Amino acid sequence: MTHDHDLVLRPTDAQRAAALAAPPGRTGGDLVVETLRGLGATTVFGLPGQHALGLFDAVGRSDLRLVTLRVENNAGFAADAYGRLTGEAVPLLLSTGPGALTALPALAEAAAASSPVLAISSQVPTAGLGGGRRGHLHELRDQAASFRDVVKSVHTARTPSQIPSAVAAAWESALTAPHGPVWVEIPEDVLRAETFIPQVTGMDATPHELAPRPELTALAAHWLENAERPAILAGGGVIRSDAAGKLKQLAERLDAPVATTFGGKGAFPWKHPLSLQSWLEDRHTTDFLEDADVLLVVGSGLGELSSNYHTFRPRGRVVQIEADPGKLESNHTALGIHADARLALQALLETVAERRDPAAAGRARTVLSAVRARLAGQGLDLEQGLLASIRSALPARSPSFWDMTILAYWAWSAFDPRHPNTMHSAQGAGGLGYAFPAALGACLAEPGTPVLAVSGDGGAMYSLAELATARQHDLDVTWLIVDDGGYGILREYMADAFDGRTTGTELTRPDFAALAESFGVPAVTTTPDALRADLEKALATSGPSVVVLPAKLRMFAPTHV
């Protein structure tokens, strides 16, 4: 008989030697670093602060690449983008109190977008914990409570010996589907305390696979192969699980048209005969999806933006594949399959029979033609021309990052990303200031690839400090700032809702080109006609650059009101 104690892993000779040879003078901060290195981390983002100095000292003595931004929230956005592009858990190092709290919006975006950010924060000294008011600098009654409702999981270490396990558990949580940000908290004195604990070796935090239940995929396959009008809605879960290829195989096997959500852009080829593209705010697309007798929803919770602002009312059967159990059937009754998108699509491919429908591609073309006809009468040539110029200038494999601005709202529906995992925006949580710092993270994730950030002037003001970061690290980022003198999308929303009145939407803004030049970043002010050429030049030039486009843009008419 085999007992549990027979399964204990014995230390290797190398691990024994490492334990005996552990150098003196190591601290809790070194345990954090050794654990991160053992788990595979190579790059960390963050800002130092008084209580976190022990951690940053350890990082400085290691071979980890430390990227310090100017604002904690921006560091969080950069880590988010790095995680989206690499699929790796990305350490974000924060200090106590204000430093940690400043990163909350970025962690909220990471949570909404399922980005595996590993936030590691210092805390006041151990004696100050427990809710008492000791008067420590940056003291909060319960710092972790501020993050518990935002992140996926919270982990604490109150002694040096707890650090490796806490960090490894957080790492595993961040990378287990659904991915998401996690929180690790370590007091200042624990980070600075010398430790006799041997060097950390042999770390393993393999994420759990989330496989579908076979009886559910068997029923889904039966419905799909026997459907008269199947359709597929692909969300961000397809991108995060690297399942675009499997989605294409399934759609072609079923002859099922595919629409992608804004978070799922790139999950299906834009110009494929079965592509409905991403016009989810158009009633023609909504009607088509509603008319499906079997709708397969993969990696989406069918939230506000994915359901034409909750006006979507499916009339047929819905199959929903989702890694986050809280999103299963949260908006519509469905055959809910709690699984990673890649594993569930693979199970369907192994089960579903081929289904032929020569008319399917024609139905998809009819929807797109109706969308184009609706737009044609709205006088929106400027907006569509700008997107065309950006698409022409941007290399096919280059990532783009979009802030919450009118041009981004257009891009959600109208921009062809050309490849999976190359277009990202802050539409998960909807905060301003995402695009430029996220683009910096992408530059570090994919060195040698030019990256584009797109912001309005309002969103750009959140991120201007990071021009210094871009220059310091000589990152290949081009920042397009569309300057309309205000919060353009809010101005439009308010004018529509309040008889033309707007409040708080107009901004006094700087000369963005001159400001960029003051950071040593070359800049140009462009026009709609010159945009393509100016972007091409900026993207082809190494290092950071700024392109400013003064323009007032309009949104297409909504169909949900």
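Taking every DSSP beta bridge with both residues inside the chain, roughly what % is antiparallel (nearest 5)? Don't skip to the end; give the middle numbers.
On the way: 2 of 63 bridges.
Antiparallel bridges make up about 5 percent of those DSSP assigns within the chain.
For the chain, the longest principal axis of the Cα atoms and the long axis of helix 104-113 meet at an angle of about 50 degrees.
Accessible surface comparison of LEU64, LEU140, probe 1.4 Å, protein chains only, largest first: the order is LEU140, LEU64. The angle between the Cα long axis of helix 163-175 and the longest principal axis of the Cα atoms of the chain comes to about 10 degrees, rounded to the nearest 10.
Solvent-accessible area of TYR487, all protein chains in place: 60 Å² (probe radius 1.4 Å, heavy atoms, ligands and nucleic acids excluded). Restriction of the trypsin sites (Lys or Arg not before Pro) in the range 431-515 to DSSP coil positions whose beta-carbon has at most 13 other beta-carbons within 10 angstrom yields ARG501. The chymotrypsin sites (Phe, Trp or Tyr not before Pro) of the range 109-212 that meet both conditions, a loop assignment by DSSP and at most 13 other Cβ atoms within 10 Å of the site Cβ, are PHE196. Full extension of the chain segment joining ARG372 with THR68 gains 104.9 nm, where the gain is 0.36 nm per residue of separation less the Cα-Cα distance. Sorting PHE288, PHE268 by solvent-accessible area of protein heavy atoms yields PHE288, PHE268, largest first, with a 1.4 Å probe.
Among residues other than LEU53 whose Cβ falls under 10 Å from its Cβ, what is the net charge (Lys/Arg +1, Asp/Glu -1)? Don't skip to the end; give the middle numbers.
Values: positive: ARG192; negative: ASP57, GLU188.
Summing Lys and Arg as +1 and Asp and Glu as -1 gives -1.
Overall shape: oblate for the chain, with the ratio a/c of the largest to smallest alpha carbon gyration tensor axis at 1.5 or above and b/c at least equal to a/b.
In loop segments of the range 228-294 as defined by DSSP, the GluC sites (Glu not before Pro) with at most 10 further C-beta atoms inside 10 Å of their C-beta are GLU228. Applied to the range 471-476, the Karplus parametrisation 6.51 cos²θ - 1.76 cosθ + 1.60 on θ = phi - 60° returns per-residue 3J(HN,Hα) values of 5, 4, 9, 6, 7, 7 Hz, with x for Gly and Pro.
Using a probe of 1.4 Å on the protein chains alone, the accessible area found for LEU31 is around 0 Å². The length gained by stretching the chain between THR126 and ALA353 to full extension, at 0.36 nm per residue less their Cα-Cα distance, is 75.6 nm. For the chain, the relative contact order comes to 13 percent (Cα pairs under 8 Å, sequence separation of at least 6).
Which of the three applies to the range 227-350, rounded, prolate or oblate, going by the alpha-carbon gyration tensor with a ≥ b ≥ c and a/c under 1.5 meaning rounded?
Values: a/c = 1.28, a/b = 1.09, b/c = 1.18.
Verdict is rounded for the range 227-350.
If you sort the three axes of the alpha carbon gyration tensor as a ≥ b ≥ c, you get a/c of 1.5 or more for the range 425-531 and a/b above b/c, which makes it prolate. Calculated accessible area for the chain comes out at 40 Å² per residue, all protein chains present (probe 1.4 Å; ligands, DNA, RNA ignored). In this simple spin-label model, placing a label point 7 Å from the Cα along the Cα-to-Cβ direction at both THR12 and ALA388 gives a separation of 5.9 nm. Between ASP511 and ARG61, the FRET efficiency estimated from the beta carbon spacing at R0 = 51 angstrom works out to 0.75. Taking the C-alpha atoms only, the angle from helix 360-376 to the longest principal axis of the chain is near 90 degrees.
First compute the accessible area of the chain with a 1.4 Å probe, then give the percent of it belonging to carbon and sulfur atoms. Could the numbers behind the result be given before it?
On the way: 11620 of 22360 Å².
That fraction is 52 percent.
Counted residue by residue at 0.36 nm each, then reduced by the alpha carbon distance between them, the extension gain from TYR309 to ASP142 reaches 56.5 nm.
The values are calculated or read from the model by the stated rules, or taken from the named source; none is laboratory data. On a predicted model such as this, the values are computed, not experimentally measured, just so you know. Here the Cβ is made from the backbone with ideal geometry for all residues, glycine too, and neighbour counts use every protein chain on show. To get the accessible areas, we keep the full protein, side chains included, count just its heavy atoms, and leave off ligands, DNA and RNA. Shrake-Rupley method; radii C 1.70, N 1.55, O 1.52, S 1.80 Å.
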